[in-house]
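For reference, the structure is listed below as C-alpha cells.
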Amino acid sequence: MTKIYELETARLRLRQWTSDDKVPFAQLNADERVMEFFPSTLSRLESDALAERITGAIAQRGWGWWAVEVKDKHPFIGFVGISVPSSDLPFNPCVEVGWRLDYPYWGNGYATEAAQAAMSFGFEVLELDNIVSFTALTNQRSQAVMQRLGMQRSPQTFIHPSVPADSDLQEHCLYELSSADWQSQNRSKE
Ligand SMILES: CC(C)(COP(=O)(O)OP(=O)(O)OC[C@H]1O[C@@H](n2cnc3c(N)ncnc32)[C@H](O)[C@@H]1OP(=O)(O)O)[C@@H](O)C(=O)NCCC(=O)NCCS
C-alpha cells in the first residue's frame, strides 16, 4: 500500500483530505476573490469532484495538494502542495508547487510556510531535480509567494492550454527552482 506523507510546520499541518473539508473547500471555490485568476468559480458539484481528484491523487502517489490546517485553530484553510500537472504544458514532465487558500487566511505567511515544507519534501524525500510553479501574468500575490520561495522567473511566458482562448488569463509566467539552488539557499540561512 502507498505510504501517505503528511507534513508539519511550526503553525500548520499538511494532511490527506477528509469529507469534512468539502464544505469549506466549496465555499472558497465559490468566492470570486479566491478565484479571480481562474476562468470561473466552481459549483458545489465541481468543487466536490476536484476534492475527490486531489484526495485520489494523494492516495495513489502518497503526496499532492495537501489539505492545510492551522494547528489548534482552523481545521481547513485550503490546499498547498506539489503535484504533477494534468495539462499538456510545454515544459512537461514536471512537478509543480501550488496553493489556494480561503480569503480570510491570506496575509499570514501560511502559503509560503506550507510551500516551503512541500518543496523541502520534494527535494529531500522525492529527490526531485527541479520544481516549477506557474500562474496568470496578472496574479501578483501568487508570484510573490514564488519569489519568497526563491524561485526564478523564466524570461519566456506560455499560453496555458486549459484556459479558454478568449480569456485574458491565458498567458502564464513560469517560475522554477533547482535542487542545487534550493540546497545553497538553505545552507546560506544556516
Ligand atoms: C496566492 C495566495 C496563496 C497567496 O496568499 P498570501 O497570504 O498572500 O501569501 P503568504 O501566505 O505567503 O503570506 C504573505 C503575506 O503574509 C504576511 N505575513 C503576516 N504574518 C506573517 C508571518 N508570520 N510570516 C510570514 N508572512 C506573514 C506577509 O507580510 C505577506 O503580506 P503582504 O501580502 O502584505 O506582503 C492567495 O492569495 C490565494 O490563495 N489566492 C487564490 C488562489 C490562487 O491564485 N492560487 C494560485 C493559482 S496559480
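The values are calculated or read from the model by the stated rules, or taken from the named source; none is laboratory data. Because the structure is predicted, anything quoted here is derived from the model rather than measured. Backbone-built Cβ (ideal geometry, glycine too); neighbour counts: all protein chains shown. Each accessible area value is taken on the protein alone, full model and side chains, heavy atoms only, with ligands, DNA and RNA left out. Shrake-Rupley method; radii C 1.70, N 1.55, O 1.52, S 1.80 Å.
Overview of results
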| item | result |
| --- | --- |
| Test: residue 187 is of a type in the set (D, E, K, R) and either open to solvent by less than 30 Å² (accessible area, probe 1.4 Å) or in a strand (DSSP E or B) (or both) | no |
| Filtered residue count, segment 138-175, keeping only those that are surrounded by 15 or more Cβ atoms within 10 Å (Cβ to Cβ) and touching a Ser or Thr at 6+ places or on another chain (Cβ under 8 Å) | 12 |
| Among the candidates 188, 179, 154, residue that is away from the ligand (no atom under 13 Å from the Cβ) and at pLDDT below 95 | 188 |
| Among the candidates 101, 126, residue that is more than 8 Å from the ligand (Cβ to nearest atom) and open to solvent by less than 70 Å² (accessible area, probe 1.4 Å) | 126 |
| Conditions (1) more than 16 Å from the ligand (Cβ to nearest atom); (2) in contact with an Asp or Glu (Cβ under 8 Å, 6 or more places away or on another chain): number failed by residue 34 | (1) |
| Complete set of residues in segment 55-73 that are open to solvent by less than 20 Å² (accessible area, probe 1.4 Å) and either in a loop (DSSP other than H, G, I, E, B) or farther than 20 Å from residue 7 by Cβ (or both) | 62, 64 |
| Close pairs from segment 143-160: first under 15 Å from residue 110 (Cα atoms), partner at pLDDT 95 or above, Cβ under 6 Å, at least 6 apart | 145/111; 145/112; 146/133; 146/175; 148/112; 149/115 |
| Hits in segment 132-148 (condition: near the ligand (Cβ under 9 Å from one of its atoms), in a strand (DSSP E or B) and under 14 Å from residue 177 (Cβ atoms)) | 133, 134 |
| Number of the condition not met by residue 111 [criteria: (1) more than 8 Å from the ligand (Cβ to nearest atom); (2) hydrophobic (A, V, I, L, M, F, W, C); (3) in a helix (DSSP H, G or I)] | (1) |
| Filtered residues of segment 10-31 (kept if within 13 Å of the ligand (Cβ to nearest atom) and open to solvent by less than 20 Å² (accessible area, probe 1.4 Å)) | 12, 25, 28, 29 |
| Condition met for residue 163 (over 24 Å from residue 188 (Cα atoms) and either of a type in the set (Val, Ile, Thr) or part of a strand (DSSP E or B) (or both)) | yes |
| Residue check, residue 121 open to solvent by less than 20 Å² (accessible area, probe 1.4 Å) and more than 14 Å from the ligand (Cβ to nearest atom) | yes |
| Hey, residue 76 open to solvent by less than 60 Å² (accessible area, probe 1.4 Å), among the aromatic types (Phe, Trp, Tyr) and either part of a helix (DSSP H, G or I) or farther than 23 Å from residue 161 by Cβ (or both) or not | yes |
| Residues of segment 42-54 classified as of a type outside the set (A, V, I, L, M, F, W, C) and surrounded by 16 or more Cβ atoms within 10 Å (Cβ to Cβ), total | 2 |
